[in-house]
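Working notes, structure below.
The values are calculated or read from the model by the stated rules, or taken from the named source; none is laboratory data. Note that the coordinates shown come from a computational prediction; the quantities given were computed from them, not determined experimentally. Positions of Cβ are generated from backbone atoms using ideal geometry, with glycine treated the same way; all protein chains shown enter the neighbour counts.
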């Protein structure tokens, strides 16, 4: 099957940071959340993929076409909303969209106007007079109006206050839920994407620590509490372990393994609780990648 | 490429019109007041050319600062246009704007009754090419800033510093005027015009190549 994009051995080195070697692919119709703390390399990955930054090594394909900046037909399949929204600032939203329309044969003015209505955005104001939230909306319309098969979103709502962010995301998800397009959504706020994502890839310090489906994560991870008086024991498949006297609490990334071991040890009053996807993300990003990766 | 060019011209049309209008007004005044007629050699029109060029410089600063603030390169780099065409469009815009000023200058010179002398044409070509050469060097310096750790930019700036030291030394040694006379002697000849135009064209080409190989288009 043709991937929406594939990244092979991507490396980008800066004086104090290295991204990769990174391997990542996205199947058509899949929504992949790309989660990691600030500075983990999320934007760099996207910058390399869309050609804003030249990678130091590796290969990138978009729908089987190399992302060659001199043969940019592959860009016709992409809608990209970056961490910054760039426009002709003195021009209205309408004029900015008209400028972009020239380059995309599939551009639909009707779709652009429809999206503006759904986003409740006036297209007559100059871009420089738009609020942060409205700039995001305009950037989203610009990315969607040519019906791209792959949507790349790089923390599009960063810098927005929570109310505006929720408003933008509500409409965005409404629009995206209708479609069949592949979406790659980079964010450090997991709640932004947890509603939409099929899969999550966790990036930390330039490396992917884990990629899993949302269902697998919520099925496997548990917070487990129990009573046990023994001292010298180490539980398998756990990322954190706290205790007060004989009362213990662990986070397990494979609760069946952990519960079985607790049963063998004779632990009492064992209780397991499901974790929210946000809590799981925190555990993954601060946990030992070797253990988690080997378990998944 | 034309779409980008047309868009840039349309976006900056107010300031472009104002800059050209100021050039036209100045030349009308120069022609009507007889200043131009009294200039008896192509080199003597240098001051006139400088005034028109000043309007061009203000225009370039205005467009350049807008492009920088609005991160135009980032916007354009995301479009489905080959990088080479983007690089050419950028330099073509500079060339077009300057060509517009050259036309104003030529009309002014012709209105003053000096248009039949080819020396004026060669002078115009040479001096325009010389200015293009300076603009291309600035563009190269700026583009070299997008290669990782600024190594190339430092080397380029190093050559610039050596050049300044050389000029100071020549000035102190009293050799700068003879050297400038020697350099600008061919200004009004076809060979001289061809040399200056070739150097400017070469540097424009070099900048397009550097632009297409930049490591970043984020700013």
Q: For residues that are more than 7 Å from chain B (Cβ to nearest Cβ) and in contact (Cβ under 8 Å) with a residue 12 or more places away in the chain, scanning just the stretch A:67-81, find the one that is nearest to residue A:159 (Cα to Cα).
A: A:81
Q: Look at residue A:111 and say whether it is away from every other protein chain (no Cβ under 14 Å), more than 21 Å from residue A:192 (Cα to Cα), outside any helix (DSSP H, G or I) and over 21 Å from the mean Cα position of the chain (by Cα).
A: no
Q.
Considering only residues that are in contact with a helix residue (DSSP H, G or I) (Cβ under 9 Å, 6 or more places away or on another chain) and within 11 Å of chain A (Cβ to nearest Cβ), which ones fall in the stretch B:11-30?
A. B:11, B:12, B:15
(Q) So residue A:118 ticks every box in (1) within 11 Å of chain B (Cβ to nearest Cβ); (2) modelled with pLDDT under 90 but one. Which box is left unticked? (A) (1)
**Q.** Contacts under 8 angstrom Cβ, first residue in the stretch A:8-21 being part of a loop (DSSP other than H, G, I, E, B), partner modelled with pLDDT under 90, 6 or more apart
**A.** A:15/B:149
**Q.** Any chance residue A:128 is within 14 Å of chain B (Cβ to nearest Cβ) and without any contact (Cβ under 8 Å) to a residue 24 or more places away in the chain
**A.** no
Q | Set A:234, A:242: member being surrounded by fewer than 17 Cβ atoms within 10 Å (Cβ to Cβ) and either within 23 Å of residue A:193 (Cβ to Cβ) or at pLDDT below 85 (or both) | A | A:234
Q) Could we say that residue A:89 is within 14 Å of chain B (Cβ to nearest Cβ) and modelled with pLDDT under 90 here? A) no
Q | Whichever residue in the stretch A:129-162 is within 19 Å of the chain's Cα centre (by Cα) and assigned to a helix (DSSP H, G or I) and, among such residues, is modelled with the lowest pLDDT | A | A:162
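One line per residue, one yes/no per condition, for (1) closer than 25 Å to residue A:37 by Cβ; (2) modelled with pLDDT under 85:
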| position | (1), (2) |
| --- | --- |
| A:217 | yes, no |
| A:223 | yes, no |
| A:255 | no, no |
| A:260 | no, no |
| A:275 | yes, no |
| A:278 | yes, yes |
| A:285 | yes, yes |
| A:289 | yes, yes |
Q) For the stretch B:68-114, how many residues meet the condition of being within 14 Å of chain A (Cβ to nearest Cβ) and at negative phi? A) 21
Q. Residue B:204 is checked against (1) away from every other protein chain (no Cβ under 14 Å); (2) free of Cβ contacts under 8 Å to residues at least 24 places away in the same chain; (3) touching a helix residue (DSSP H, G or I) at 6+ places or on another chain (Cβ under 9 Å) and fails just one. What number does that condition carry?
A. (2)
Q) Can you tell me which of B:123, B:211 is touching a residue at least 40 places away in the same chain (Cβ under 8 Å), within 22 Å of the chain's Cα centre (by Cα), assigned to a helix (DSSP H, G or I) and more than 14 Å from chain A (Cβ to nearest Cβ)? A) B:123
**Q.** Total residues in the stretch A:49-60, condition within 19 Å of the chain's Cα centre (by Cα) and closer than 13 Å to residue A:23 by Cα
**A.** 2
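Just name the residue that is surrounded by the most Cβ atoms within 10 Å (Cβ to Cβ) out of those in the stretch A:53-66 that are in contact (Cβ under 8 Å) with a residue 24 or more places away in the chain and in a loop (DSSP other than H, G, I, E, B).
If we take residues in the stretch A:53-66 being in contact (Cβ under 8 Å) with a residue 24 or more places away in the chain and in a loop (DSSP other than H, G, I, E, B), then A:55 is surrounded by the most Cβ atoms within 10 Å (Cβ to Cβ).
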Q.
Test of understanding: among A:84, A:174, A:180, which residue is away from chain B (no Cβ under 14 Å), in contact with a helix residue (DSSP H, G or I) (Cβ under 9 Å, 6 or more places away or on another chain) and at pLDDT below 90?
A. A:174
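May I ask you to list the residues in the stretch A:115-128 that are outside any loop (DSSP other than H, G, I, E, B) and surrounded by 15 or more Cβ atoms within 10 Å (Cβ to Cβ)?
A:115, A:116, A:126, A:127
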Q. Is the stretch B:127-140 home to any residue that is away from chain A (no Cβ under 14 Å), out of contact with any helix residue (DSSP H, G or I) (no Cβ under 7 Å at 6 or more places or on another chain) and under 30 Å from residue A:52 (Cα atoms)?
A. yes
Q) Which number in (1) in a loop (DSSP other than H, G, I, E, B); (2) crowded, with 17+ Cβ neighbours inside 10 Å; (3) in contact with a strand residue (DSSP E or B) (Cβ under 7 Å, 6 or more places away or on another chain); (4) within 9 Å of another protein chain (Cβ to nearest Cβ) marks the one condition that residue A:3 misses? A) (4)
